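See structure below.
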Amino acid sequence: MEVVRKIDDLKALRPSWPRPVGLVPTMGYLHDGHLSLVRRARTENAAVVVSIFVNPTQFGPSEDLSSYPRNLDRDLEFLEREGADVVFVPPASEMYPGGYPTWVDVEGVTSLLEGASRPGHFRGVATVCNKLFNIVAAERAYFGQKDAQQVAVIAKMVHDLNMNLDIVVIPTVRETDGLAMSSRNAYLGSEERVAAGVLYRALTSARGMCREGCLDAALVRKRMADVIRTESLASLDYAAVVAPGSFEELESLDGQALAVIAVRIGATRLIDNMTLLD
Ligand code: AMP
């Protein structure tokens with residue numbers, strides 16, 4: 001497994017790779033959710049490239065860029081074990097040299113929910129993914145359903161800018177109580193960790209309602225908010241029922257529908273989602 005820090009060094013390696021190539025973009029502090037992406041990429045490609053980059057441009061000024069958890073040595077051990085071929089770990093100055101001016105703006109989906117709560121977040125995500133796609137030139141890139149709105153933004157960017165790669169989406173990997181694995185779970189104290197199970201309970205309660213025949217999105221939203229309110233350490237940022245591609249809110253659930261929530265547990269903001277009608 002090669003660890004590469006410079007864009008030119010990564011590009012110089014490209015001709016030696018067997019095709020197809022799968023890219024797994026991450027911000028590191030890897031857990032089993034990330035590794036499920038790597039495993040899937042390993043089964044579908046002749047070479048697997050994993051990037052580890054805590055992308056500063058997707059963090060707002062009051063967000064957790066400086067405290068975001070990092071452990072490169074442990075990440076590299078995990079990736080060696082999973083059979084990754086190349087790990088790309090660029091410093092921020094390599095990706096964004098001084099005065100960096102070029103951005104990718106996907107309109108529409110980026111203005112809703114996560115985009116509304118985190119202005120500029122998806123511009124940073126789309127830009128860094130476009131850069132990574134150009135640097136690695138993979139046939140496929142792997143993303144988690146855990147960040148469903150991110151998937152919608154990337155899929156739209158790839159389609160609209162006619163990019164030459166396939167986006168593969170992997171189901172959310174969960175802890176035993178249903179909490180979606182996330183690097184940010186490391187911020188939770190032990191009481192908060194127990195409280196964080198409320199996100200999954202809210203989503204499964206919403207799904208249960210739909211399975212019993214409720215088609216009224218407002219009632220489903222209210223149910224999620226009610227479940228979150230049962231947990232004193234939790235405060236709701238949003239709970240919504242949306243169309244999976246556009247993230248526009250639905251009124252009635254007669255087609256594909258995704259329940260999405262963002263909740264603060266103490267100072268930690270967590271997001272999760274669940275398909276309501278399969
Ligand atoms: P991150 O390091 O948080 O930027 O995540 C890197 C990739 O891993 C993204 O495509 C995430 O959606 C995906 N991912 C994060 N957590 C999970 C999870 N619990 N299950 C599946 N994929 C995940």
> Restricting region 2-55 to residues that are among the acidic types (Asp, Glu) and in a helix (DSSP H, G or I), which is farthest from the ligand (Cβ to nearest atom)?
Replying inline: Asp8
> Would you call Val136 open to solvent by less than 60 Å² (accessible area, probe 1.4 Å), closer than 18 Å to Val260 by Cα and under 20 Å from the mean Cα position of the chain (by Cα)?
Replying inline: no
> Of (1) within 12 Å of the ligand (Cβ to nearest atom); (2) touching a residue at least 60 places away in the same chain (Cβ under 8 Å); (3) on the phi < 0 side of the Ramachandran plot; (4) assigned to a loop (DSSP other than H, G, I, E, B), Arg70 satisfies all except one. Which?
Replying inline: (2)
> Which of the residues spanning region 156-190 are more than 23 Å from Asn71 (Cβ to Cβ) and within 12 Å of the ligand (Cβ to nearest atom)?
Replying inline: Ile167, Val168, Val169, Pro171, Gly178
>> Can you go through Val21, Val49 and tell me which one is over 18 Å from the mean Cα position of the chain (by Cα) and on the phi < 0 side of the Ramachandran plot?
In response: Val21
>> If I filter region 32-53 for residues that are more than 27 Å from Glu139 (Cβ to Cβ), surrounded by 14 or more Cβ atoms within 10 Å (Cβ to Cβ) and assigned by TED's automatic domain parsing to the domain that holds Thr110, do I get at least one hit?
In response: no
>> With the structure loaded, tell me whether Ala148 is touching a residue at least 40 places away in the same chain (Cβ under 8 Å), assigned by TED's automatic domain parsing to the domain that holds Ala12 and either of a type in the set (Asp, Glu) or surrounded by fewer than 21 Cβ atoms within 10 Å (Cβ to Cβ) (or both) or whether it fails that test.
In response: no
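The values are calculated or read from the model by the stated rules, or taken from the named source; none is laboratory data. It should be emphasised that the depicted structure is a prediction, and the values quoted were computed from it without experimental measurement. Neighbour counts run over all protein chains shown; Cβ positions are idealised from the backbone, glycine included. Protein only, heavy atoms only, side chains kept; ligands, DNA and RNA dropped before computing areas. Shrake-Rupley method; radii C 1.70, N 1.55, O 1.52, S 1.80 Å.
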